[in-house]
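To keep things clear, I will list the structure first and then write my remarks on it.
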Amino acid sequence: MTVLEKVAYIKGLAEGLKVDESTNEGKITLAILDVLRDIALSIEEYDETFDDMAEVVAELDERVELLEEEFDDDFDYSDYDDFDEDDLYEITCEECGGVSTVDYSVLQGVELACPKCGKAMDFFEDEDEDEEEPEDEA
């Protein structure tokens, strides 16, 4: 039995007992039953919304799992196997030519700024940039 059905049952009992609406106790009892009915309606609405959201979350979870599987299958980790955590690496700023020396731990997920000009420095170059051929000038 849902909360709304329980409230309807209690309201039916109150009507069967002929709660007198003209007395103070009757007014309060019937007002409480009306508030309980409104609360029960809200609960049902929240339950429906929650069920809808749970379906969406489940679908998103499935999609994320598929993406994780695809990413893990297609990602080439060999590009990053050459790094040693104890080594130091030099990064040259493309803007001003400034050189910074950092260790591997600094490179993990941190955007580095050139100490001379403040421009963001990218340690991992894009493969597409390396593969570009110069254009023929005619």
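The values are calculated or read from the model by the stated rules, or taken from the named source; none is laboratory data. On a predicted model such as this, the values are computed, not experimentally measured, just so you know. What goes into the accessible areas is simple: the full protein's heavy atoms, side chains included, and nothing from ligands, DNA or RNA. Shrake-Rupley method; radii C 1.70, N 1.55, O 1.52, S 1.80 Å.
Amide H neighbours of Ala113 under 5 Å, at least 5 residues apart or on other chains, H built in the peptide plane: list them.
Distant-sequence amide H within range of Ala113: Met121.
Quick check: residue separation of Asp34 and Tyr46 times 0.36 nm, minus the Cα distance between them. What number comes out in nm? Walk me through the numbers before you get to the answer.
Details: separation 12, 0.36 × 12 = 4.32 nm, distance 1.86 nm.
Gain on stretching Asp34 to Tyr46: 2.5 nm.
How big is the accessible area of Glu62 in square angstrom, nearest 10, if you roll a 1.4 angstrom probe over the protein chains?
110
Put Ile32, Ile91 in order of accessible area, largest first, 1.4 Å probe: what do you get?
Accessible-area ranking of Ile32, Ile91, largest first: Ile32, Ile91.
Under a 1.4 angstrom probe, counting protein chains only, how are Cys96, Cys114 ranked by accessible area, largest first? Write down the numbers at each step before the final one.
On the way: Cys96 65, Cys114 5 Å².
From most exposed to least exposed: Cys96, Cys114.
To the nearest 10 square angstrom, how much accessible area does Leu67 have with a 1.4 angstrom probe?
Solvent-accessible area, nearest 10 Å²: 110 Å².
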